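Chemist: Attaching a single structure in C-alpha cells format; questions to follow.
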Ligand code: ASP
C-alpha cells in the first residue's frame with residue numbers, strides 16, 4: 001500500500017468561516033503564533049481535512065499520515081517558520097516508507113516556502129504544495145479537491161524527482177518560478193512550468209522540469225538572515241539600498257523596472273553595497289520574464305557592471321529566498337564571489 005504524508009501549516013485550506021466575512025478564531029489562542037482576532041484565521045488540523053482523500057488519489061486506498069507543523073496564515077510566516085516547514089518536508093521526503101509528501105499552506109507566501117523546498121530537495125520524493133482560496137466550510141471550497149489532486153500527484157511515479165510542485169485548481173506547476181498572481185481567482189498561481197494537468201480525475205504529465213543540483217538545507221541562521229527587497233519606481237530613492245545595509249541587511253534584492261533597470265543613483269548605491277561585501281541581486285518588478293541587462297544610463301547593464309548579480313528568471317521574492325539560503329549555508333557564509341557563482345548556478 002502506498003503512503004502519503006500530509007504536512008499541515010495553516011492557510012485558508014485550514015480556515016473555517018464564522019460570522020459572514022470572518023472565520024473562527026483558533027481553539028488555542030495561547031499559542032503566540034496564532035493570536036486571537038476577529039478576522040479570518042487558520043484553525044484546522046490537517047487531520048480534519050483528509051476525509052475526501054481516498055476518493056480521487058488515483059491509487060487504491062493510500063495510507064495517509066498527517067502532521068501539523070503549525071497552523072498559521074502564511075502572511076504570518078517569517079524565515080524561521082519557512083525553514084521549519086522545509087525541514088519537516090525534507091525529513092519526510094527522505095523516509096523510505098513515505099511515497100509522497102504533501103504540504104498544505106496559505107497561498108500568500110506559498111511560493112517562498114515551496115521554492116526553498118525545491119532548492120534543497122535532493123530526494124526522489126517530490127513535495128507537492130497545495131492550499132485553497134475558499135475556507136473549508138464554504139459550500140464550494142476548493143480545498144478538498146486541491147488536496148485530493150495534490151495527493152494524487154505526490155503518489156504518481158511519473159512526478160517523482162521534481163523537487164517541489166504546486167497542485168492547484170487542476171494544474172500542477174513547478175514551485176520554481178511560480179507566483180501568486182491573483183488574489184481571489186480559483187487559480188491564483190502564474191509562472192513556473194506546467195508539468196501536469198488534471199482532466200477530471202485523470203492526470204496528464206505534460207513536461208519534465210530540469211533542476212539544478214540540490215543545495216544543503218540552510219542552517220538555523222537562515223531565520224535571522226536579513227535580505228531586503230527594494231523596488232525601483234519613478235522617483236524612488238536609491239539611498240534605500242544604503243539604509244537597508246546600515247539596518248543590517250546581509251543582501252538586497254532590487255526589483256528593477258522592466259528587464260531590470262533603475263533610475264539615477266542606483267548603480268552607485270549598488271557599487272557601495274557590493275564593495276562593502278553586501279550582495280545586490282537584480283530582479284524585476286514585472287510579473288513575468290527574466291532580468292536581462294540591456295540598458296545603460298543606470299539600467300541593468302550599469303547595475304551588473306556595479307557588481308549586482310542577475311536574478312535571471314527568479315522573481316524578487318524567490319530570489320530573496322535563494323540569497324538567504326546561500327548566506328545561511330551550513331558550511332558558513334560564502335564570499336561575495338562564491339555567492340555570485342552559487343546564485344548564478346541556481347537562478
Ligand atoms: N489567502 C491566504 C490563503 O490562501 C491566506 C494565507 O496565505 O494564509 O491561505
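Chemist: Which of the residues belonging to segment 58-69 are farther than 21 Å from residue 123 by Cα and within 16 Å of the ligand (Cβ to nearest atom)?
Modeler: The one that is farther than 21 Å from residue 123 by Cα and within 16 Å of the ligand (Cβ to nearest atom): 68.
Chemist: In the list 151, 164, 207, which residue meets the criterion of being surrounded by 22 or more Cβ atoms within 10 Å (Cβ to Cβ), more than 15 Å from residue 318 (Cα to Cα) and touching a strand residue (DSSP E or B) at 6+ places or on another chain (Cβ under 8 Å)?
Modeler: On the way: 164 fails: more than 15 Å from residue 318 (Cα to Cα); 207 fails: surrounded by 22 or more Cβ atoms within 10 Å (Cβ to Cβ).
Result: 151 is the single residue among 151, 164, 207 that is surrounded by 22 or more Cβ atoms within 10 Å (Cβ to Cβ), more than 15 Å from residue 318 (Cα to Cα) and touching a strand residue (DSSP E or B) at 6+ places or on another chain (Cβ under 8 Å).
Chemist: Give the residue that is nearest to the ligand (Cβ to nearest atom), with candidates limited to residues of segment 117-134 that are farther than 18 Å from residue 170 by Cβ and touching a residue at least 40 places away in the same chain (Cβ under 8 Å).
Modeler: Looking only at segment 117-134, we keep the residues that are farther than 18 Å from residue 170 by Cβ, and these are 117-125, 127.
In the following step, the residues that additionally are touching a residue at least 40 places away in the same chain (Cβ under 8 Å) were identified as 117-122.
Values: 117: 16, 118: 19, 119: 21, 120: 22, 121: 22, 122: 27 Å.
If we take residues in segment 117-134 being farther than 18 Å from residue 170 by Cβ and touching a residue at least 40 places away in the same chain (Cβ under 8 Å), then 117 is nearest to the ligand (Cβ to nearest atom).
Chemist: A follow-up question, please. Taking into account only those residues within segment 304-332 that are part of a loop (DSSP other than H, G, I, E, B) and more than 22 Å from the chain's Cα centre (by Cα), which is nearest to residue 180 (Cα to Cα)?
Modeler: The initial filter retains those residues of segment 304-332 that are part of a loop (DSSP other than H, G, I, E, B), namely 306-308, 311-315, 328-332.
From the residues that got through so far, the ones that are more than 22 Å from the chain's Cα centre (by Cα) too are 306-308, 331-332.
Working: 306: 31, 307: 30, 308: 26, 331: 32, 332: 32 Å.
Here the residue is 308.
Chemist: Do you know which residues across segment 151-180 are within 13 Å of the ligand (Cβ to nearest atom) and assigned to a loop (DSSP other than H, G, I, E, B)? Steps first, please.
Modeler: Here is the first cut: in segment 151-180, the ones within 13 Å of the ligand (Cβ to nearest atom) are 166, 168-169, 180.
Within segment 151-180, just 169 meets the criteria.
Chemist: Here are 49, 72: which of them is surrounded by 14 or more Cβ atoms within 10 Å (Cβ to Cβ), within 14 Å of the ligand (Cβ to nearest atom), under 19 Å from residue 107 (Cβ atoms) and at pLDDT below 90? Steps first, answer last, please.
Modeler: Values: 72 fails: at pLDDT below 90.
The unique qualifying residue is 49.
Chemist: Restricting the search to segment 92-116, which residues are out of contact with any helix residue (DSSP H, G or I) (no Cβ under 8 Å at 6 or more places or on another chain) and either within 16 Å of the ligand (Cβ to nearest atom) or within 19 Å of residue 214 (Cβ to Cβ) (or both)? Show your work before the answer.
Modeler: Residues of segment 92-116 out of contact with any helix residue (DSSP H, G or I) (no Cβ under 8 Å at 6 or more places or on another chain): 92-97, 114.
Residues satisfying the conditions are 92, 93, 94, 95, 96, 114.
The values are calculated or read from the model by the stated rules, or taken from the named source; none is laboratory data. Everything numeric in this text was worked out from a predicted model, so none of it was measured. Cβ atoms come from the backbone with ideal geometry, glycine included; neighbour counts cover every protein chain shown.
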